[in-house]
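One structure is given below, encoded as structure tokens.
The values are calculated or read from the model by the stated rules, or taken from the named source; none is laboratory data. Bear in mind that the values here come from a model prediction, so they are computed numbers and not experimental data. Because the Cβ atoms are built from the backbone with ideal geometry, glycine has one as well, and the counts that use them run over all protein chains shown. The accessibility values were calculated without ligands, DNA or RNA, using every heavy atom of the protein model including side chains. Shrake-Rupley method; radii C 1.70, N 1.55, O 1.52, S 1.80 Å.
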Amino acid sequence: DSGVTQTPKHLITATGQRVTLRCSPRSGDLSVYWYQQSLDQGLQFLIQYYNGEERAKGNILERFSAQQFPDLHSELNLSSLELGDSALYFCASSVADYNEQFFGPGTRLTVL
Amino acid sequence: ELKVEQNPLFLSMQEGKNYTIYCNYSTTSDRLYWYRQDPGKSLESLFVLLSNGAVKQEGRLMASLDTKARLSTLHITAAVHDLSATYFCAGMEYGNKLVFGAGTILRVKS
């Protein structure tokens, strides 16, 4: 158990809908990262927040957004969902940049 | 932009045999990570390699890093069934973004 928690574990929804994925980092970690794992794209970095501020952006679609709250938990919002958004979404946390990232159990999103 | 390539992508091994997974990366990477993933599960950190010539070992797995060749290897010694999983290497870009290889699916047959 890495100490990173994610909810929900599974999410099934329909095209066009909006969902929110939640992540709580390890105690003491200020950085939260979101990654997407899909069969065709592999594991891709989406976005990083550090102590409430956006720090780095990767291949994140405009339909996706994230934020980190004062208690350091983070939410990833996915809207206007498409079939291709079906994937495993991981959250990771670390103390700061250049530190090891610890991954949560993931949220499996299925878009029907 | 950092790119990471692993090979092979699929490896079927007999128990007791040795094999090596290779990880090549395209540009300077701040560090190199190896992760293990069981089906439908999260990523478990195996090794963090920080500098040229770094070698780390844990049980039947040994990882090394050659920054001049931009190559990391994960060597499996005397494979056992419990090592069956998908193994990823990842480079780090800009100190925060992990760039993953495609993964190597390892199946150890008894």
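Here are the numbers:
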read-out: Single match in A:SER80, A:SER65, A:SER2 (criterion: out of contact with any Cys (no Cβ under 9 Å at 6 or more places or on another chain), among the small types (Gly, Ala, Ser) and in a strand (DSSP E or B)); value: A:SER65
read-out: Residues satisfying the stated conditions in segment B:26-78, i.e. part of a strand (DSSP E or B), open to solvent by 20 Å² or more (accessible area, probe 1.4 Å) and away from every other protein chain (no Cβ under 14 Å); value: B:VAL55, B:GLN57, B:GLU58, B:MET62, B:SER64, B:ASP66, B:LEU71, B:THR73, B:HIS75
read-out: Hits in segment B:79-101 (condition: open to solvent by 30 Å² or more (accessible area, probe 1.4 Å) and either closer than 21 Å to B:PHE10 by Cβ or part of a strand (DSSP E or B) (or both)); value: B:VAL80, B:HIS81, B:ASP82, B:LYS97
read-out: Every pair of residues 6+ apart whose Cβ atoms lie under 9 Å, when the first sits in segment B:21-42 and is touching a residue at least 12 places away in the same chain (Cβ under 8 Å) and of a type in the set (A, V, I, L, M, F, W, C) while the second is part of a loop (DSSP other than H, G, I, E, B) and open to solvent by less than 50 Å² (accessible area, probe 1.4 Å); value: B:ILE21/B:PRO8; B:CYS23/B:GLY101; B:LEU32/B:ALA54
read-out: Residues that are under 20 Å from B:GLY91 (Cα atoms) and either open to solvent by 20 Å² or more (accessible area, probe 1.4 Å) or not small (Gly, Ala, Ser) (or both), drawn from segment A:3-37; value: A:VAL32, A:TYR33, A:TRP34, A:TYR35, A:GLN36, A:GLN37
read-out: Some residue of segment A:13-33 being within 14 Å of another protein chain (Cβ to nearest Cβ) and closer than 23 Å to B:VAL4 by Cα; value: yes
read-out: Residue that is farthest from the other protein chains (Cβ to nearest Cβ), among those in segment A:61-112 that are open to solvent by 50 Å² or more (accessible area, probe 1.4 Å) and at positive phi; value: A:SER80
